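**Student:** Can you read through this structure? Questions will come right after.
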Amino acid sequence: MFHSGSDEVFDRDDLWAMLNERVRQGKIRHLGIALGSSDNLHQAQCATQVGATVVQLTYNRLNRDAERRVFASSDEQDLGVLAREPLANGYLTGRYRPGAGVTGSRDWRAGMDEQEVARRLDAAERIQATEVPPGTSMARWALGWCLRHPTVDAVVTGVKSVEQLESSAAATDLAVT
């Protein structure tokens with residue numbers, strides 16, 4: 001996975017020649033590009049030219065930029081699409097609430113702009129109230145929401161327990177509209 005590299009590095013023919021040689025030798029099965037931003041159309045549009053078969057990008061209910069910027073290119077090239085950050089860095093878990101504040105220096109939100117945190121928390125609360133069916137966990141719904149898009153092949157989840165793994169796997173059964 002070429003992960004969030006600059007266009008300057010991406011455009012090095014020698015890099016891709018070496019990686020494709022490793023594919024030919026069977027040392028690498030597939031090449032992919034993890035886009036640092038859904039605004040990076042250059043790398044997305046050149047994926048098959050460099051031998052990539054998949055792109056990884058940020059996609060979730062709070063960040064839908066990929067729908068407007070990358071999905072059409074992925075479909076045209078028949079690329080696999082891996083959606084990362086499906087829980088929007090925890091905002092779509094239902095764990096954080098507007099007005100609760102940051103809970104210490106180890107809280108990942110401590111370094112973020114307070115207005116941006118408040119905006120995301122408010123949006124997540126509205127989504128939970130209006131889109132998440134009663135009895136469905138917000139995290140499970142958020143994963144299912146990503147998977148409902150026909151361009152998305154898989155989501156990259158970060159699980160820390162067996163319960164989270166089971167809930168993530170169960171998201172494939174949701175019929176999200």
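**Student:** Taking segment 67-84 on its own, how many of its residues are free of Cβ contacts under 8 Å to residues at least 40 places away in the same chain and either among the β-branched types (Val, Ile, Thr) or under 19 Å from residue 143 (Cβ atoms) (or both)?
**Tutor:** 1
**Student:** Another question about this same structure. Scan segment 56-78 and give yes if some residue there is over 22 Å from residue 120 (Cβ atoms), of a type in the set (A, V, I, L, M) and part of a strand (DSSP E or B), otherwise no.
**Tutor:** No - not one qualifying residue is present in segment 56-78.
**Student:** Which residues, taken from segment 147-173, are buried (at least 16 other Cβ atoms within 10 Å of the Cβ), out of contact with any Phe, Trp or Tyr (no Cβ under 9 Å at 6 or more places or on another chain) and among the hydroxyl-bearing types (Ser, Thr, Tyr)?
**Tutor:** 157, 167, 168
**Student:** Still on this model: Given the options 79, 92, name the one that is over 30 Å from residue 48 (Cα atoms), at pLDDT 85 or above, among the aliphatic types (A, V, I, L, M) and under 16 Å from the mean Cα position of the chain (by Cα).
**Tutor:** 92
**Student:** Restricting the first residue to segment 139-165 and requiring it to be farther than 17 Å from residue 124 by Cβ, which pairs with a second residue that is surrounded by 13 or more Cβ atoms within 10 Å (Cβ to Cβ) and of a type in the set (Asp, Glu) meet a Cβ separation below 8 Å and a spacing of at least six or different chains?
**Tutor:** Sorted first by the residue in segment 139-165, then by its partner, the pairs are 149/67; 156/85.
**Student:** Just one of the numbered conditions (1) within 30 Å of residue 2 (Cα to Cα); (2) surrounded by 12 or more Cβ atoms within 10 Å (Cβ to Cβ); (3) modelled with pLDDT of 95 or more is not true of residue 127; which one?
**Tutor:** (1)
**Student:** Which condition number in (1) part of a loop (DSSP other than H, G, I, E, B); (2) under 18 Å from the mean Cα position of the chain (by Cα) is the one that residue 99 fails?
**Tutor:** The failed condition is (2).
**Student:** Could we say that residue 48 is among the polar types (S, T, N, Q), farther than 30 Å from residue 132 by Cα, within 18 Å of the chain's Cα centre (by Cα) and modelled with pLDDT of 95 or more here?
**Tutor:** no
**Student:** Follow-up. If residue 23 passes every condition in (1) touching a strand residue (DSSP E or B) at 6+ places or on another chain (Cβ under 9 Å); (2) assigned to a loop (DSSP other than H, G, I, E, B) but one, which one does it miss?
**Tutor:** (2)
**Student:** Test residue 39 against the stated conditions and say whether it is surrounded by fewer than 17 Cβ atoms within 10 Å (Cβ to Cβ), within 24 Å of residue 154 (Cβ to Cβ) and touching a residue at least 24 places away in the same chain (Cβ under 8 Å).
**Tutor:** Yes: the conditions hold for residue 39.
The values are calculated or read from the model by the stated rules, or taken from the named source; none is laboratory data. Fair warning: this is a prediction, and the values are worked out from it, not measured in the lab. Reconstructed Cβ throughout: ideal geometry from the backbone, glycine too, with neighbour counts over all protein chains shown.
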